[in-house]
Amino acid sequence: MAFGGDRDPQERKRRPPARPAPRLTLDTPVTYLKGVGPVRAELLARLGITMAGDLLRHVPHRYEDASTVTRIAQAVVGADITVLGQVIAKGVLPTRKGLRVFQAVVQDASGMIEVAWPGQPFLDRTINKGDWLLCTGQVRFFHGRRLQPREFVNLGPEEEGTNEGRVLAVYPSTEGLSVRVLRAMVQQHLEQLLPLVQETLPREILAQADVPPLPEALRLVHRPTSVAEALRGRARLAFEELLCVQLLHRKANQVAREARGGTAFVNRRDLTTKLRAVLPYTLTGAQVRAIREIVADMASPRRMHRLLQGDVGAGKTVVAVFSALLAMENRAQVALMAPTELLAEQHARSIGALLAPLGISPVLLTGRLGAKERRAALARLADDEPVLAIGTHALIQGDVAFANLGLAIIDEQHRFGVEQRATLGLKGKAPDVLLMSATPIPRSLALTLYGDLDVSVLDERPPGRHPITTVVRPESGRPKVFEFANTQLDAGRQVYVVYPLIETSEKMELKAATVMFEELVSGPFATRRVALLHGRLPADERDLIMRAFRDGEVDVLVATTVIEVGIDVGNATVMIIEHPERFGLSQLHQLRGRVGRGAEQSYCILLGDVGAEAAERLGLFAGTEDGFEIARADLQLRGMGDLFGAKQHGLPAFRIADPLRDEALNETARIVAERVLKDDPQLTAPSHQGLRHLLTVGYARALELFRVG
Ligand code: ADP
Ligand code: MG
């Protein structure tokens, strides 16, 4: 019935099946529905559908109508389109490389097109002549126009040839349970199930968000007469989801602070004033603002739990140093953690230089220390003296003991898991926590994703940096690009060349780093010192290569995206990115941030022939260095997964809502959540029982937060 990332899947399994079902409820196991046997039930379970009510909550992720389908005659090579047509011929063909391709010729009233699924000969068993297919993908040229679907739906033979005037709901499906079957199943039970649905939200909240009541919303998403109607229904479900997450976050935020009173530091302005005096530049307005917010947190007895967000080069480090000094002038210890040893060393060096005039030298603790150095470092931490310790997460693990840890700072926080962050709370006396992130995201999204954190944003660049020249060059310009790189190398600069994949895949024919490395060392960079860096190398080997590049022992670093974080080489001025269309804009932005870190003019060159759509995206990227603007465009174009990568930890899972696209709804949800918790902190009011139920069923965490007995 509910959704959300952190529900306990066991919870439902424990529920004994009511047998025989005397009366259908939303909690009745799906096996009691007509047409659902044990086999189907198992397939449904894979989609998270185990009870009748889950079927209602299984919402289409897409709708197609006449306005989104392209007439086949109008399909042009290079375009990304959806077509609806009937299979008039089909078969499996082998290719020269031994790959078997399922092919079908699909026809609508305007014409026909070949559709091909390389490596999926098994589709021959499920796609039949006469079936109507809805296919989405790119049109290529291969002995004529050919569509290679990224996604497709088999509508079966019974669909009428024209889809005009109707809306087709496309459901998330699974192998063995097609969209067609799912749609039929939902339609068959809709009338029976809808009357059982009870409203979860009070009427005034519905009114405030301007969304329909739940039963109506469910009808709209499953049986819309227009896409607009479907979206209206969807908005209701999205709002509910956003409201739940906002409630949980706000509550978690309150509970965390009440439960663990942090230390209240006194703003003595002793060390911080000294730093201000020796700082070689003036702080930006954004830095001043962030420092003020952090000081207020640290001076309060509540524990600080703050995220400092700012683009690469925004100047987060000095903000962190100010907070460290505030802790230290209160005689507390500080730990600064970086995701790699190299980054930790970098911090130790630059912060060490910054603090030298104050007579403070940070303690660097990494795995590279000898036994004696390590003992000395550990002794300083065990001593009850103020100290700034810099290292990797090893700082807060194992035999490392702090006498008086008052502040923990985590750089590039997204690289740390939730558990690692949680370990922090157990260290010492619940230190204040400052997280730092260089993934710029719009404030509204940050507030949702990190809703249990407070957020400070550095949205202002320090002055005096050269803009990076970004250009897009076609394949034909390749020789010139490498010629240019060579002139930079002649001037003593260093160069990055980045590829999206490690090995050439036959299917995609991308230039892989390993293959291109060979080409480059025997071609344009024959006289240079070139190194290859990729994610399959052991960590210590990667580390050696990065060190060599940093120390100027390597001229050209050919790499996959592993260089995204963790290397800062001021002498590197050229970043060449091959197959730029394969990268998300935010990823490109991170890569570009690796150059332009020194005094010299730097260049980012996107190399390759790209389609019209990609060219537009890349043009946008080339035209701005504002990470927030880029992130916003990226989110709009590709969704959240891309921005953070698959490994992002600890984010709430949204099934329906998209906090960015649903920005207005999300903002309303935030306001409503705040008011609800203010009026009724434990959600005990009768009007909040639906909401309370929704939270406790859907989110394991709600049990602890709302003290459900
Ligand atoms: P990031 O936010 O990526 O961690 P850093 O803290 O490494 O950025 O800062 C990038 C560079 O900008 C550093 O060399 C730093 O000394 C410099 N810097 C930081 N703040 C300012 C400022 N207000 N004015 C000029 N330069 C600054
Ligand atoms: Mg940094």
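Using the Cα centre as the reference, give the magnitude of the dipole from point charges on the C-beta atoms of region 204-246 (Lys, Arg: +1; Asp, Glu: -1; all else neutral), rounded to the nearest 20 debye.
On the way: 5 positive and 6 negative charges, 45 e Å.
It works out to roughly 220 debye.
What FRET efficiency do you get for Glu483 and Ala599 if R0 is 30 Å and r is their Cβ-Cβ distance, rounded to the nearest 0.05?
Taking R0 as 30 Å, the efficiency between Glu483 and Ala599 is 0.80.
In deg cm²/dmol, rounded to 500, what helix-only [θ] at 222 nm does the chain give when every DSSP H run of at least 4 residues adds -39500 (n - 2.57) and the total is split over its residues?
Helices in the chain give a 222 nm mean residue ellipticity of -11500 deg cm²/dmol.
What is the extension gain from Arg331 to Val227, computed as 0.36 nm multiplied by their sequence separation minus the C-alpha to C-alpha distance, in nm to one decimal?
Going from the current span to full extension adds 31.3 nm.
Provide the FRET efficiency to the nearest 0.05 for the Arg46-Arg292 pair, computing r from the beta carbons and using R0 = 56 Å.
Working: r = 51 Å, r/R0 = 0.91.
About 0.65, to the nearest 0.05.
To make sure I understand, if each residue's beta carbon is the centre and we count other beta carbons within 10 Å, what order do Phe122, Phe265 fall in, fewest to most?
Listing Phe122, Phe265 from fewest to most nearby Cβ atoms yields Phe122, Phe265.
With +1 on each Lys and Arg Cβ and -1 on each Asp and Glu Cβ, and nothing else charged, work out how big the dipole of the chain is about its Cα centre, in Debye to the nearest 20. Don't skip to the end; give the middle numbers.
Details: 88 positive and 83 negative charges, 252 e Å.
Charge dipole of the chain: 1200 debye, to the nearest 20.
Size of the dipole of region 68-164 about the Cα centre, Lys and Arg at +1 and Asp and Glu at -1 on the beta carbon, nothing else charged, in debye to 20?
Result for region 68-164 is approximately 700 debye, rounded to the nearest 20.
Considering only DSSP beta bridges where both residues belong to the chain, give the percentage that are antiparallel (nearest 5). Intermediate results must be reported in sequence, preceding the final value.
Numbers: 39 of 90 bridges.
Percent antiparallel among DSSP bridges in the chain is about 45.
Ranked by Cβ crowding within 10 angstrom, fewest neighbours first, how are Leu388, Leu177 ordered?
Numbers: Leu388 26, Leu177 19.
With the fewest neighbours first, Leu388, Leu177 line up as Leu177, Leu388.
Enumerate the amide H contacts of Ile410 below 5 Å, restricted to partners 5 or more residues apart or on another chain; note that Pro and chain-start residues carry no placed amide H.
Here Met337, Leu434, Leu435, Met436 satisfy the definition.
How high is the FRET efficiency from Ser687 to Thr273, r the C-beta distance, R0 41 Å, rounded to 0.05?
0.20
Mind sorting Tyr32, Tyr603 by how few other Cβ atoms lie within 10 Å of their own Cβ, fewest first?
Tyr32, Tyr603
So what is the relative contact order for the chain, in percent, with contacts set as C-alpha pairs under 8 Å and at least six apart?
Relative contact order, the chain: 13 percent.
Pull up the cross-link candidates among the aspartates and glutamates for Lys372, meaning alpha carbon to alpha carbon under 16 Å and not fewer than 8 places away within one chain.
By straight Cα distance, Lys372 reaches Asp399.
Which semi-axis lengths, in whole Å and largest first, follow from the square roots of five times the eigenvalues of the Cα gyration tensor of region 68-164?
Equivalent-ellipsoid dimensions as semi-axes: 20, 16, 10 Å.
Multiply the residue separation of Val266 and Leu24 by 0.36 nm, subtract the distance between their alpha-carbon atoms, and state the gained length in nm to one decimal. Before the final figure, lay out the partial values.
Working: separation 242, 0.36 × 242 = 87.12 nm, distance 6.26 nm.
So the extension gain works out to 80.9 nm.
Can you give me the distance in nm between label points at Thr624 and Gln397, each placed 7 Å from the Cα along the Cα-to-Cβ direction?
Result: 3.9 nm between the two label points.
Would you please state the base-10 log of I(q)/I(0) at q = 0.12 1/Å for the chain, with intensities from the Debye formula using one equal scatterer on every alpha carbon?
Values, matching the q order: -1.41.
What does the charge count around Asn267 come to, taking other residues whose C-beta lies under 11 Å from its C-beta (Lys +1, Arg +1, Asp -1, Glu -1)?
With Lys, Arg at +1 and Asp, Glu at -1, the neighbours total +1.
Roughly how many nanometres apart are two label points built 7 Å out from the Cα toward the Cβ at Gln188 and Thr469?
Going from the Gln188 label point to the Thr469 one covers 6.6 nm.
Once the dipole of the chain is set up with Lys and Arg at +1 and Asp and Glu at -1 on Cβ about the Cα centre, which of Ala335, Ser602, Leu635 lies farthest towards its positive end?
Ala335
Would you be so kind as to identify which of Ala104, Pro362, Leu395 lies farthest towards the positive end of the dipole of the chain, taking Lys and Arg as +1 and Asp and Glu as -1 on Cβ and the Cα centre as origin?
Leu395
Projected onto the charge dipole of the chain (+1 at Lys/Arg Cβ, -1 at Asp/Glu Cβ, origin at the Cα centre), which of Ala235, Ala264, Gly315 gives the Cα projection farthest towards the positive end?
Going by the charge dipole, the pick is Ala264.
Using Cα pairs closer than 8 Å and at least 6 residues apart in sequence, work out the relative contact order for region 136-257, in percent.
For region 136-257, the relative contact order is 16 percent.
Please compute the modelled spin-label separation between Asp540 and Ala382, points set 7 Å along Cα→Cβ, answer in nm with one decimal.
2.7
Any read-out appearing in this document is the output of simple, stated calculations on the displayed coordinates, not a laboratory observation. Bear in mind the structure is a predicted one, so any value in this text is a computation, not a measurement. Counting neighbours? That spans all protein chains shown, and the Cβs are built from the backbone with ideal geometry, glycine included.
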